[in-house]
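Colleague: Sharing a structure here in structure tokens format.
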Amino acid sequence: MAEDVVCDNCGAKNMGGSNFCNACGFEMMSDEPTTTNFIGVDADTAASPGVGQLVVTRGALAGARYDVSADETTIGRHPDSDIFLDDVTVSRRHARIASSSAGKAIEDVGSLNGTYVDGERLESATLREGAQIQIGKYRLVYVIGSEG
């Protein structure tokens with residue numbers, strides 16, 4: 001059985017072999033080799049002009065693209081979510097993206113593991129082109145299609 005490990009970010013005790021801290025969502029370092037899919041994102045071909053998308057860059061759905069042009073887009077492990085992320089590190093109702101006067105904003109809706117934007121745990125944040133979002137073990141980037 002693997003030994004418990006302490007999170008380097010918050011000091012919480014986690015089961016050995018954990019990939020993410022159960023308290024703060026920080027990625028745990030491991031001596032064991034892992035396989036991770038990373039993809040590049042080309043903003044010019046990612047979306048229609050002026051339309052925002054979330055592109056999964058890490059996780060089981062790497063490469064998937066989700067349109068976030070609706071007034072509200074829900075994200076979570078619940079099957080009715082607009083963006084369904086099927087993993088126990090994602091809360092059933094984790095976050096939402098909504099239109100605001102400043103553009104699109106992401107809001108954590110009471111998730112257990114938090115929502116991170118550019119490496120910082122936040123309750124809400126206005127999204128900018130290239131924002132890196134972490135929800136559970138998934139990493140996503142926010143892109144806006146450019147004019148031809």
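Colleague: Residue under question is residue 143, and the condition is that it be part of a strand (DSSP E or B), open to solvent by less than 30 Å² (accessible area, probe 1.4 Å) and touching a helix residue (DSSP H, G or I) at 6+ places or on another chain (Cβ under 9 Å); does it hold?
Modeller: Numbers: part of a strand (DSSP E or B): yes; open to solvent by less than 30 Å² (accessible area, probe 1.4 Å): yes; touching a helix residue (DSSP H, G or I) at 6+ places or on another chain (Cβ under 9 Å): yes.
Yes.
Colleague: Further, regarding this structure: Just to verify a result, which residue in region 36-66, among those that are of a type in the set (Gly, Ala, Ser) and open to solvent by less than 40 Å² (accessible area, probe 1.4 Å), is modelled with the highest pLDDT?
Modeller: Looking at the filtered set, the residue picked out is 64.
Colleague: For region 90-126, which positions are touching a residue at least 40 places away in the same chain (Cβ under 8 Å), touching a Phe, Trp or Tyr at 6+ places or on another chain (Cβ under 8 Å) and over 20 Å from residue 63 (Cα atoms)?
Modeller: 104, 113
Colleague: Exactly one condition in (1) in contact with a Gly (Cβ under 7 Å, 6 or more places away or on another chain); (2) open to solvent by 50 Å² or more (accessible area, probe 1.4 Å); (3) not basic (Lys, Arg) is false for residue 84; which is it?
Modeller: Every condition holds for residue 84 apart from (1).
Colleague: Out of the strands (runs of 3 or more DSSP E) lying entirely within region 51-138, which hold 1 or more residues that are over 20 Å from residue 27 (Cα atoms) and of a type outside the set (S, T, N, Q)?
Modeller: Details: elements: 52-58, 65-67, 72-76, 95-100, 103-108, 115-117, 124-126, 132-135.
Passing ranges, in order: 52-58, 65-67, 72-76, 95-100, 103-108, 124-126.
Colleague: Starting from residues that are open to solvent by 20 Å² or more (accessible area, probe 1.4 Å) and out of contact with any Ser or Thr (no Cβ under 8 Å at 6 or more places or on another chain), keep the ones in region 110-122 and report whichever is nearest to residue 78 (Cα to Cα).
Modeller: 116
Colleague: Only one of 91, 69 is hydroxyl-bearing (Ser, Thr, Tyr), open to solvent by less than 80 Å² (accessible area, probe 1.4 Å) and under 24 Å from residue 21 (Cα atoms). Can you tell me which?
Modeller: 91 is the lone residue from the list that is hydroxyl-bearing (Ser, Thr, Tyr), open to solvent by less than 80 Å² (accessible area, probe 1.4 Å) and under 24 Å from residue 21 (Cα atoms).
Colleague: Here are 99, 81, 111: which of them is polar (S, T, N, Q) and at pLDDT below 95?
Modeller: Of the residues listed, the single one that is polar (S, T, N, Q) and at pLDDT below 95 is 99.
The values are calculated or read from the model by the stated rules, or taken from the named source; none is laboratory data. The structure displayed is predicted, hence computed values, not measured ones. Positions of Cβ are generated from backbone atoms using ideal geometry, with glycine treated the same way; all protein chains shown enter the neighbour counts. Side chains included, ligands, DNA and RNA excluded: accessible areas come from the protein's heavy atoms. Shrake-Rupley method; radii C 1.70, N 1.55, O 1.52, S 1.80 Å.
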